[in-house]
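Asks: Sharing a structure, written as C-alpha cells. Questions coming.
The values are calculated or read from the model by the stated rules, or taken from the named source; none is laboratory data. This is a predicted model, so every value here is computed, not measured. No Cβ is skipped: glycine too gets one built from the backbone with ideal geometry, and neighbour counts run over all protein chains shown.
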Amino acid sequence: MTVRPGDIDTLAIDRAAGVLRGGGLVAFPTETVYGLGANAADGAAVARIFQAKGRPPSHPLIVHLGGAEQLGDWVEEVPARARLLAERFWPGPLTLVLRRGRRVALEATGGLETVAVRVPAHPVALALLSAFDDGIAAPSANRFGSVSPTTAAHVRAELGDAVDLVLDGGPCHVGVESTIVDATGDIPSVLRPGGVTREDLEAVLGRPLAVPATSPVRVPGQHPSHYAPRARVVLVEPENVVAEAERVQETGRQVGVLLPPAFADAEVKAHAVVALPASMAAYARGLYAFLRELDQRGCDVIIASPPAEQGLGVAIANRLRRAAGPRPSA
Ligand code: TXA
Ligand code: MG
C-alpha cells in the first residue's frame with residue numbers, strides 16, 4: 001500500500017500506525033531520506049530494524065518525534081542551547097544527541113547513555129507521528145553501508161519484504177541525512193554534517209561550534225565505507241575528473257562520472273555521465289539517486305570530485321568521501 005504525493009491518505013497513515021503498534025516496520029518519507037521505523041519504546045520491534053538492515057546492534061538509531069513538546073519522555077534533560085536549536089530548526093533536518101530518558105528502548109541507543117532525537121519536516125512523517133502519537137525509532141531505510149533511499153522505489157529495491165509497509169511521499173526534498181549535533185555538553189558540536197549547515201547553527205547559537213574531537217560523546221556507526229554504491233568511488237580534483245574518467249575507461253572498466261557544472265561542456269569518454277546541477281541544494285537532493293543511477297547503468301567505477309566545503313557542500317563532500325572509503329569485502 002502506498003501514499004501518493006499530494007493528498008495524505010489518512011487510511012494508509014492509520015494502517016501504518018497500526019503496524020507500528022503491532023511491533024511491525026514501516027518505511028516512511030522524511031525531508032532528508034526515507035526512514036525505516038519501529039515503535040521506539042518496543043525493544044523487540046527495534047531489533048527487527050537491525051535485522052532488516054543487516055546493521056550491527058551497536059549502531060544507534062534516531063528517535064523521531066511529532067514535536068519538541070514530546071521530548072520529556074525520551075530524554076533526561078534539555079540544556080538551554082539544545083532547546084534553542086530545537087526551537088529554530090524543528091521540524092527540520094537536525095538531530096540532537098541528548099542524555100537518554102527511560103522510555104527509549106535500549107536496543108535503539110546501542111547501549112549508550114545518550115539518545116538521538118529529531119522532528120522531521122515532512123507532512124507524511126508528521127501525520128504518521130501524530131497518528132502513532134509516540135516516538136518512532138528509524139535509521140535510513142537502506143541495507144547497512146549502502147546509499148540512503150530518497151524515493152519509495154529505492155526503499156523497495158533495498159529492503160523488499162523485510163518491511164511491512166512503505167508510505168510513498170514522493171522524492172525527498174533535502175536528499176542528504178540530518179545534521180547530528182551533540183548537545184549534551186556546554187558547547188554543541190557536529191557529529192555528522194547534514195541538511196542544516198554549520199553556518200546556520202552558529203548563527204543561531206551566536207558562537208562557534210565545538211570541534212567534534214572535544215565532544216564527550218562516542219560516535220558510533222562511523223564506518224569508513226558508508227553511503228556507498230556498488231561501484232567503486234574515486235575522488236579527484238574537479239579539473240581532473242574528465243582526464244581520470246578517460247584514463248580508467250581505457251583500462252576496460254565501465255566508468256560513471258559525476259560531472260561538475262564548470263565542465264558541463266567537456267567531451268567525456270565514459271560509460272555514463274551525470275551532469276551535476278550548479279545549486280548545492282539540487283546536488284544534495286539528487287546525490288543518492290545519481291549514485292544509484294550509475295550503479296544501475298552498470299558502472300564499475302564512479303569518478304567524482306567533492307564540492308567546496310561550505311554550506312550544504314560539507315555534507316555532500318562528507319558522503320562522497322565515505323562512499324569512497326575502503327570497503328571490508330571489496
Ligand atoms: O536524516 C536522517 O537523520 C535520517 C532520517 C530517516 O531521519 N536518519 C538517519 O539514520 O540517517 P541513520 O541510522 O542512518 O543514521 C543515524 C546516525 C547513526 O549512524 C549514528 O552514528 C548516529 O546517528 N547516532 C544515533 N544515536 C546516537 C547517539 N546516541 N550518539 C551519537 N550518534 C548517534
Ligand atoms: Mg543510514
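Asks: Quick test for you: out of 227, 288, pick the one residue that is touching a His at 6+ places or on another chain (Cβ under 9 Å), hydroxyl-bearing (Ser, Thr, Tyr), within 16 Å of ligand 1 (Cβ to nearest atom) and not assigned by TED's automatic domain parsing to the domain that holds residue 158. Talk me through it step by step, then tell me what you get.
Replies: Values: 227 fails: touching a His at 6+ places or on another chain (Cβ under 9 Å).
The unique qualifying residue is 288.
Asks: Write out, first by first residue and then by second, each pair whose Cβ atoms fall under 9 Å of each other, whose residues are 6+ apart or on separate chains, and whose first residue, in segment 302-325, is free of Cβ contacts under 8 Å to residues at least 60 places away in the same chain and in the same structural domain as residue 199 (by TED's automatic domain parsing) while the second is in a helix (DSSP H, G or I) and surrounded by 19 or more Cβ atoms within 10 Å (Cβ to Cβ).
Replies: Final answer for the pair search is none.
Asks: When residue 113 is evaluated against the numbered criteria (1) near ligand 1 (Cβ under 10 Å from one of its atoms); (2) in contact with a Leu (Cβ under 6 Å, 6 or more places away or on another chain), which criterion, by number, is the only one it fails?
Replies: Result: residue 113 fails condition (2) only.
Asks: With respect to residue 106, determine if the residue is touching a Pro at 6+ places or on another chain (Cβ under 6 Å) and not assigned by TED's automatic domain parsing to the domain that holds residue 287.
Replies: Working: touching a Pro at 6+ places or on another chain (Cβ under 6 Å): no; not assigned by TED's automatic domain parsing to the domain that holds residue 287: yes.
Against the criterion (touching a Pro at 6+ places or on another chain (Cβ under 6 Å) and not assigned by TED's automatic domain parsing to the domain that holds residue 287), residue 106 does not qualify.
Conditions tested, residue by residue: (1) within 11 Å of ligand 1 (Cβ to nearest atom); (2) in contact with a His (Cβ under 7 Å, 6 or more places away or on another chain); (3) assigned to a helix (DSSP H, G or I).
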site	(1), (2), (3)
117	yes, no, no
126	no, no, yes
149	yes, no, no
161	no, no, yes
169	no, yes, no
172	yes, no, no
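Asks: Still on this structure, I have one more. Would you check if residue 218 is at pLDDT 95 or above and either over 23 Å from residue 288 (Cα atoms) or part of a loop (DSSP other than H, G, I, E, B) (or both)? Before you say what the answer is, go through the steps one by one.
Replies: Values: at pLDDT 95 or above: no; either over 23 Å from residue 288 (Cα atoms) or part of a loop (DSSP other than H, G, I, E, B) (or both): yes.
No.
Asks: Which residue out of 24, 37 is in the same structural domain as residue 103 (by TED's automatic domain parsing) and surrounded by 24 or more Cβ atoms within 10 Å (Cβ to Cβ)? Give the derivation first.
Replies: Values: 24 fails: surrounded by 24 or more Cβ atoms within 10 Å (Cβ to Cβ).
Answer to the check: 37.
Asks: Also, I was wondering about something else. Please verify whether residue 52 is closer than 27 Å to residue 191 by Cβ and either at pLDDT below 95 or assigned by TED's automatic domain parsing to the domain that holds residue 159 (or both), treating the condition exactly as stated.
Replies: Values: closer than 27 Å to residue 191 by Cβ: yes; either at pLDDT below 95 or assigned by TED's automatic domain parsing to the domain that holds residue 159 (or both): yes.
Judged against the criteria, residue 52 is a match.
Asks: Looking at 37, 66, which is the one that is away from ligand 2 (no atom under 16 Å from the Cβ), closer than 30 Å to residue 282 by Cβ and in contact (Cβ under 8 Å) with a residue 60 or more places away in the chain? So that I can check it myself, show each step before the final result.
Replies: On the way: 37 fails: away from ligand 2 (no atom under 16 Å from the Cβ).
One residue alone meets the criteria, 66.
Asks: Among the numbered criteria (1) of a type in the set (Ser, Thr, Tyr); (2) touching an Asp or Glu at 6+ places or on another chain (Cβ under 7 Å); (3) at pLDDT 95 or above, which single criterion is violated by residue 279?
Replies: Unmet for residue 279, out of (1) of a type in the set (Ser, Thr, Tyr); (2) touching an Asp or Glu at 6+ places or on another chain (Cβ under 7 Å); (3) at pLDDT 95 or above: (2).
Asks: Which ones in segment 289-319 are within 18 Å of residue 272 (Cα to Cα) and within 14 Å of the chain's Cα centre (by Cα)? I'd like the intermediate steps shown before the answer.
Replies: Let us first name the residues in segment 289-319 that are within 18 Å of residue 272 (Cα to Cα), namely 289-305.
Result: 289, single match.
Asks: If you check residue 204 against the conditions, is it closer than 23 Å to residue 280 by Cβ and within 14 Å of ligand 1 (Cβ to nearest atom)?
Replies: Details: closer than 23 Å to residue 280 by Cβ: yes; within 14 Å of ligand 1 (Cβ to nearest atom): no.
It is false that residue 204 is closer than 23 Å to residue 280 by Cβ and within 14 Å of ligand 1 (Cβ to nearest atom).
To keep it simple, each residue is scored yes or no on (1) touching a residue at least 60 places away in the same chain (Cβ under 8 Å); (2) more than 18 Å from residue 174 (Cβ to Cβ); (3) not polar (S, T, N, Q).
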residue	(1), (2), (3)
72	no, yes, yes
82	yes, yes, yes
122	yes, no, yes
132	yes, yes, yes
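Asks: Give the residues of segment 132-163 that are surrounded by 19 or more Cβ atoms within 10 Å (Cβ to Cβ), more than 17 Å from the chain's Cα centre (by Cα) and away from ligand 2 (no atom under 16 Å from the Cβ), sorted by residue number.
Replies: 132, 134, 135
Asks: Please go through segment 94-131 and pick out each residue that is buried (at least 24 other Cβ atoms within 10 Å of the Cβ), within 15 Å of ligand 2 (Cβ to nearest atom) and over 26 Å from residue 204 (Cβ atoms).
Replies: Answer for segment 94-131, where residues must be buried (at least 24 other Cβ atoms within 10 Å of the Cβ), within 15 Å of ligand 2 (Cβ to nearest atom) and over 26 Å from residue 204 (Cβ atoms): just 108.
Asks: Turning to a different aspect of this structure: Exactly one condition in (1) surrounded by 16 or more Cβ atoms within 10 Å (Cβ to Cβ); (2) not in a helix (DSSP H, G or I) is false for residue 278; which is it?
Replies: Evaluating residue 278 over (1) surrounded by 16 or more Cβ atoms within 10 Å (Cβ to Cβ); (2) not in a helix (DSSP H, G or I) leaves (1) as the failure.
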